[in-house]
Amino acid sequence: MIPLPLSTIAEITGGTAHGPPDVVVSGPAVIDSRAVEPGALFAALKGERADGHDFASGALASGAAAVLAQRSVDGPCVVVPDVQEALGRLARGLLERLPDLTVVAVTGSAGKTSTKDLIAQVVSTAGPTVYPPGSFNNEIGLPLTVLRAGAETRHLVLEMGARGIGHIAYLTGIARPDVGVVLNVGTAHVGEFGGRQNIARAKGEIVEAVPPGGTAILNADDPLVAAMAERTEGEVVTFGRSPDAVIRAEAETLDERGRARFTLVTPEGAAPVALRLHGAHAVPNALAAAAAARAAGLAPDAVAAALSDAVPVSRWRMEVTERADGVTVVNDAYNANPDSTRAALDVLAHMARGRRAYAVLGEMAELGDSSVAEHAKIGQHVARSGIAGLVVVGANAAAMAEGAGQVASWTGECVQVDDVGAAVTVLRERLAPRDVVLVKGSRVAGLERVAEAILAEDGR
């Protein structure tokens, strides 16, 4: 963050400064007192389980310059009516002081974090870049990311999530994107939104915020996304496999590990890409990243080279690890929805050609009234993919087992278990050298523990 006197922070946030007038915040904003850096601003958020104000003195003792609080604390602070809202105001005020910064924001029902990571790795080759770790994509995580930007930062890459209409509009009110990317409109959180049309309405708020002279990057292969072209004042650039897409992939292939190779085609020229990420579903993400990098001024050759060098950054997203005995574990357990689960199963089937494959699947949360039907469809997809074994974890995912049983031609095994420990036991009894295991479920399922337990085995 650029150095800001306490008085300036108070002016931006509408708060009242308490403490010596010469106090300057020069470090990032943090909400965890254990993450304090010298010169940081500690934001004392009050949560359900803990009140940040109780940790303010510890944060100051660890080197924080000041505290953003809703009541006065013993030390330099700015007192505001609402700390969360003040974080957003401070982030917006910081961006107003960084006019040469290019803000790239990405949203979508699936692939946001992976695409954000790709964009950041590509544009960082052209200048200092700030982007969030993992999925810092809400009203707290986004301003914390913005407040890490400084005078030297050239690109700020943000992920924007939504659980309802207006959520992304709030985030773009903090950080208006020069480049807005919409990946897809799927079924994630459909239970909360009440339908895909409402999801499209919410996701499109990101391109509504793109100003004239900015760029709205839309998926040509998703009709609900392509229709958002009418909702932006920016230049529209499409990406996808469609021959009509401005940024597209040609001559696409997958190697034995499920990594894609393709020719990146742009109006300025074409270049070969060999991704290190696993799965055909990584190709649209890479194309979106290429379109965003192009909007930021990068040439096709540079974009293709950076995409080929990019590696997975955020954990538990298609992490592929091989044990000593040749068992391959695909840990994609960070989250799950019907679209991402089908994509992961397709990767599993491709990687396991000539080998035996197991899918360990948990609940796909927040699907509302469509939950049972969507889980059953995933079970059917497993069976039709020729996967040898399906392990269904938890009562809320039970319909997967029912769906798999509806495919009469499937000769595989389906086991339903109550929890992670039981799933690990099932795998221990069945895994043999060279088998391939996919682990995937929503965050509530915690299935990363299955992958970790299996990888911890010595393979004998």
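Each reported figure results from applying straightforward, stated rules to the coordinates on display, with no laboratory input. Small disclaimer: the values here were computed from a predicted structure and weren't measured. Cβ coordinates were reconstructed from backbone atoms using ideal geometry, including for glycine residues, and neighbour counts include every protein chain displayed.
Some points to look at:
- Placing R0 at 51 angstrom, the Cβ-Cβ distance between residue 242 and residue 26 gives a FRET efficiency of 0.60 after rounding to 0.05.
- Counted residue by residue at 0.36 nm each, then reduced by the alpha carbon distance between them, the extension gain from residue 418 to residue 430 reaches 2.5 nm.
- Other residues within the sphere of radius under 11 Å centred on the Cβ of residue 40, judged by their own Cβ, net out at -1 (K and R +1, D and E -1).
- For the chain, the dipole from Cβ point charges (+1 on Lys and Arg, -1 on Asp and Glu) about the Cα centre works out to 620 debye, to the nearest 20.
- Annotation for the stretch 63-156: GluC sites (Glu not before Pro) lying in DSSP loop with at most 13 further Cβ atoms inside 10 Å of their Cβ are 152.
- Separation of the stretch 1-46 and the stretch 206-227, taken as the distance between their Cα centroids, equals 35 angstrom.
- Highest average packing first - 383-390, 69-76, 447-454, 367-374, Cβ atoms within 10 Å: 447-454, 383-390, 69-76, 367-374
- One chain, two ends: residue 373 and residue 449. Fully extended at 0.36 nm per residue, the span grows by 24.7 nm beyond their Cα-Cα distance.
- Scalar couplings 3J(HN,Hα) for the stretch 341-354, obtained by applying the Karplus form with A = 6.51, B = -1.76, C = 1.60 to θ = phi - 60°, are 5, 4, 4, 5, 5, 5, 5, 4, 4, 5, 5, 8, 4, x Hz; x denotes Gly and Pro.
- Per-peptide average of other Cβ atoms within 10 Å, ordering 27-35, 258-266 highest first: 258-266, 27-35
- Estimated Rh, the stretch 1-106: Kirkwood, alpha-carbon pairs, angstrom: 13.6 Å
- Placing dummy labels 7 Å off each Cα toward the beta-carbon, the span from residue 37 to residue 315 is 2.0 nm.
- Calculated mean residue ellipticity at 222 nm for the chain: -9500 deg cm²/dmol, from DSSP H runs with n ≥ 4 weighted as -39500 (n - 2.57), summed, divided by the residue count and rounded to 500.
- Backbone HN-Hα couplings from phi across the stretch 123-129 [Karplus 6.51/-1.76/1.60, Hz, Gly and Pro as x]: 6, 5, 6, 10, x, x, 10
- Euclidean distance of C-alpha centroids, the stretch 295-334 and the stretch 420-460, integer Å: 21 Å
- Amide H contacts of residue 360 (H built 1.01 Å from N, under 5 Å, at least 5 apart or other chain): 391, 438, 439, 440
- FRET efficiency estimate (nearest 0.05) - Cβ-Cβ, residue 301 to residue 322, R0 25 angstrom: 0.15
- Span from the the stretch 87-128 Cα centroid across to the the stretch 234-277 one, whole angstrom: 22 Å
- Label-to-label distance, nm, for residues given as residue 355 and residue 170 (7 Å Cα→Cβ offset): 4.4 nm
- The Cα trace of the stretch 18-63 gives Rg and Dmax of 10.7, 34 Å, the first to one decimal, the second as a whole number.
- Between amide H atoms placed 1.01 Å from N, distances below 5 Å from residue 355 occur with no residue 5 or more places distant or on a separate chain.
- The stretch between residue 235 and residue 251, if pulled fully straight at 0.36 nm per residue, gains 3.0 nm over its current Cα-Cα span.
- Annotation for residue 100 and residue 192: the two label points, set 7 Å from Cα along the Cα-Cβ direction, are 3.9 nm apart.
- In sequence order, calculated HN-Hα J values of the stretch 9-25 (Karplus, 6.51, -1.76, 1.60; Hz; x Gly/Pro): 4, 5, 5, 5, 8, x, x, 10, 7, 10, x, x, x, 8, 5, 10, 8
- Proximity of backbone amide H atoms, modeled 1.01 Å from N, is registered between residue 29 and 41 at under 5 Å, excluding neighbours fewer than 5 places apart on the same chain.
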